[in-house]
1. R0 = 56 Å: FRET efficiency of residue 225 with residue 322, Cβ-based, nearest 0.05?
2. Tell me what the chain gives for mean residue ellipticity at 222 nm when only DSSP H runs of n ≥ 4 count, each as -39,500 (n - 2.57), the sum divided by the residue total, rounded to 500 deg cm²/dmol.
3. Take every Cα pair under 8 Å in the chain that's 6+ residues apart, average their separations, divide by the length, and report that relative contact order as a whole percent.
4. Could you tell me the center-to-center distance, by alpha carbons, between region 256-289 and region 297-323 in angstrom?
5. Once Rh is set to the Kirkwood radius over Cα pairs, what Stokes-Einstein translational diffusion coefficient, in µm²/s, holds for the chain at a temperature of 4 °C and a viscosity of 1.567 mPa s?
6. How large is the translational diffusion coefficient of region 130-207 in µm² per second when you combine the Kirkwood radius over alpha carbon pairs with Stokes-Einstein at 25 °C and 0.890 mPa s?
7. Taking every DSSP beta bridge with both residues inside region 19-474, roughly what % is antiparallel (nearest 5)?
8. Let me have the relative contact order for region 393-477, percent, based on Cα pairs under 8 Å that are six or more residues apart.
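Each reported figure results from applying straightforward, stated rules to the coordinates on display, with no laboratory input. Remember, it's a predicted structure, so these values are computed and weren't measured experimentally. Cβ placement follows ideal geometry from the backbone for every residue including glycine, while neighbour counts extend to all protein chains displayed.
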Ligand code: FCB
């Protein structure tokens, strides 16, 4: 894991990294369809819930939409050339459901599939491994109109869509992720409503979470039927949840939020059951009557890999018994049944999202998944940070983003040394893009995008990452 034992030959520059990753470690970067493609009404694509949501006044900051985004749909060739220049070994992208199956039912749209065929061929031509995510939040609007994810039938529709994509791309794509971050789809989409489709009902959020996982299980089976050699996984966003103090009430608040944020998904997916304490916490929200016999067996269909997205930690405290009910108490929450748990800030450095920077949390998270849930190979399918960038003389020196990546890669290495079978890491994101409810106001990219000219400028972090990939590790601090 560390330096080779023998010294370099005399006269040879020793640039051996002090932290080397295992051979074949998959270095990548990630994006998602709605965040970069644009071409919202081209090539037969029809609206998704994010088109509807972003075009609804007041939903997205400054009224931004993904209509044009990074115009990646028209710039596929030069964008892949840029990835090759950075030396990426893999590129994680998502397929837009309404682009390849307009409306979410019925036959495939050949023009939509052709776009992804060209993308995949271009990647393979540059020696970049395509990593395909089927669902990164862009549900076809007609499926939302008949109930969306709280409706059971959406799970079956998702499996049909998976088959359609596997039939078209299965011969050239090895790695498949069913869902990206079902917590966000369920609890931000149907709980707090800050994401599309913008509904706020705790019971619906819980149903959505279940049907997303059911759709995942059915899609895994569909993918395996279509392509027995596919490597199939799911991506969950996980947070260590720490109590603000050792007081039993704070510890209990942490247990509740950990249940909703992490175990709601990890337990059904990897153990085939919902945690009893989580079900008790949710008793006043739902009776779980939507769970049918056999669902949990489908949901826990064996996987080949598990993807983990990691950004930050939650620190929480018990509800304040003396607090007057503030408006936020009544506001829709993404924590049904635990709305009054307080999220505490510790005063540690934060990113432009106001998310605390906590690299040790990545070690904790990866170890937990491995030690408590599974021996499967793990991949960090997203990790990154938003900071305010400045273009100076055509350059972007994003020292803070670079430091974030550096710290988290050191954490990833520490996890490997602790025995975690971590096989790859995908930076979020390849380029600045449409950051959901924040529109274009938050920049996560290693590559800067000027949204007027669509000019791409690799930031310092991109140049640094290219060097990390070249070395298969990190240089001295
Ligand atoms: C994750 C999403 C991704 C991006 C990052 C910042 O939750 O999967 O699309 O928005 O956060």
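1. It comes out at approximately 0.45.
2. After summing the helix terms and dividing by residue count, I get -10000 deg cm²/dmol.
3. It comes to 18 percent, rounded to a whole number.
4. So the separation of the two Cα centres works out to 10 Å.
5. Estimated diffusion coefficient is 57 µm²/s.
6. Here the translational diffusion coefficient equals 186 µm²/s.
7. 20 percent
8. 31 percent
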